[in-house]
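Just so it is clear, none of the values below were taken in a lab; they were calculated from the coordinates. The shown structure was predicted, so the numbers you read here are calculated from the model rather than taken from an experiment. Quick reminder, even Gly has a Cβ in these numbers, built from the backbone with ideal geometry, and neighbours come from all protein chains shown.
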Amino acid sequence: MAKLISWLVVLLFSSNLLAQQTDTGQAGTEQTTTAQTATEHAEQQPLLHNGFELLSDLPTKNQIPLFENRFRIDEHVEEITLLLFRRRGSASAVLVQPDGSKLHFNTAEQNKIRWHDASSYDLIEIKNPMPGPWQAIGRLLPESRIMVLTDIKLDVDPLPANLMVGETVKVTARLTNGNEPMNARDFREVLMLEVIFVSTNNANYDNFGRGVVQVAQFRDDGKGYDERARDGVFTGEFQLRFVSGEWIPKYIVRTPLYTREVEQPPVVLQAAPIVADIIAAPALPDGQPADQGKPHQVLFRITDDSIDKATVLLQGRVRYPNGEVDEFALNEPGLTAREVMLHNRGHGSYILEVQAFGAMQDGRQFMLSLPETSFVVKMPVFEAPVLDELPQSIKDEIAAEQAEPEPEFPWGLVIGANLLILCGGGLAIWIVITDRKWADLLFWRKKPVAAEPEPAKSETQQAATAKNNANAQKNNDMDDILDLTLPDD
């Protein structure tokens, strides 16, 4: 709402300057132009007033979603007003029509378009716009809006101003055509209403930076809270189960032919005004009956003075550590804190789910689901009993243990094993480094003697040897012939 007011002040200031310039220009033009020109300036004068009056009613007007500087206009739109916020000092936006033609600020008059160009926004009014996809070119900001004047409208009942976290809210929306309920029976798909809440990003509230929350979707199918199917009336309930803060409610209806949005003024969602104070009793020892223990006490206090305390009723259920579920109700009127006593089921987690019913000081009825409340009871701890004197049997066992000598530690065995490991490791390292073999360690074994090589023979000895070999071969061949020859000498 603060942003909207600041925009409105800027636009009104710009409109006054432009209106003064228009009056001055009109006075000078009347002396040099015809009566027809004066009439055109007179018609342009109400444009700014009508545009800013429309701006002041911006949150409740039917809108068309602008996504990535693109939007779609259906054939039922009679008039469209574009409020395009852009970065200060940037050029005015350019509109691209469905047929590809472009609309500029300089050509707006010849295209019968009313266009106000300021330093940070464009206010454009187009009658009977071309149906189809449009595109806006420029450095636009996400705060830009596209408002439509059409026979097909989405009307949503306003939300209460004093909403609370966990409250169940009923919403009724109507889709009308010429102020008559729209007959949507011809659509093959059932119409659906989408409810979202947009954070205002106000740093003074807890929902700063939370973005968009999808709250609910309602179908016009005659089921649940919807009375009749496809009659253009959406009725439903939703719970406000999100963080408190300042939110903008937005409702969207999409069909194959058109899309309508309604953005309502920001609402402040307050934290739950009822808190639970728990007084937990000590846990029972195991085996002790539950009816002998002290019960747990839960007190419900109302922290908001805007609630009529005498009208508040509470009901809920508690889940015990052993899995049992018990229900309770506090329906006696009164101004004091409401109290409920819970059975003591031992140690563990106790979980409470509570609903509150009542009325505000202004008479508005509410139904509220409180945040889940739980508490943990710890297991009891018992101290060991202190004995003045130990039993004789325990004394005898202690004396026998003290009398037995403790065996000495085998230091020699440990030292010998370590020396053996060191020697073996050193030997293995020596073998690897010197490239020896394990057989080299057997020094007592004799090594085989290698045969000495024969000396080299002279040529005469070699000839004699060859002759002897030849004679021997001859003797072998002539075994049957007796050799009777005498030697030469």
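Observations, loosely collected:
- Sites residue 315 and residue 96, calculated FRET efficiency, Cβ-Cβ separation with R0 56 Å, nearest 0.05: 0.40
- Extension gain, residue 433 to residue 141, is 97.2 nm, computed as 0.36 nm per intervening residue step minus the present C-alpha separation.
- Placing a label point 7 Å from the Cα of residue 299 along the Cα-to-Cβ direction, the residues of segment 329-367 whose backbone N falls under 17 Å of that point are 334-342.
- The slack in the chain from residue 70 to residue 228, taken as 0.36 nm per residue of separation less the alpha-carbon distance, amounts to 53.4 nm.
- Label-to-label distance, nm, for residues given as residue 395 and residue 378 (7 Å Cα→Cβ offset): 3.9
- Label-point separation in nm, residue 109 to residue 422, each point 7 Å along Cα→Cβ: 10.9
- Subtracting the Cα-Cα distance of residue 79 and residue 339 from 0.36 nm times their residue separation leaves 87.6 nm of extension gain.
- Tail beyond 20 Å, pair distance distribution of segment 104-161 (Cα, percent): 42
- By average C-beta atoms within 10 angstrom, highest first, the peptides 99-105, 226-232, 115-121, 201-207: 115-121, 226-232, 201-207, 99-105
- Multiplying each eigenvalue of the alpha-carbon gyration tensor of segment 152-270 by 5 and taking the square root yields semi-axes of 28, 14, 12 Å, largest first, rounded to whole angstroms.
- Cross-link pairs exceeding 27 Å between alpha carbons, from the set 250/309; 170/309; 127/170; 309/378; 102/127: 250/309; 127/170; 309/378.
- Volume per residue for segment 61-214 equals 163 cubic angstrom (convex hull of Cα atoms).
- Sorting the Cα pairs of segment 274-377 by distance into bins of 10 Å, from 0 upward, gives 14, 45, 26, 12, 3, 0 percent per bin.
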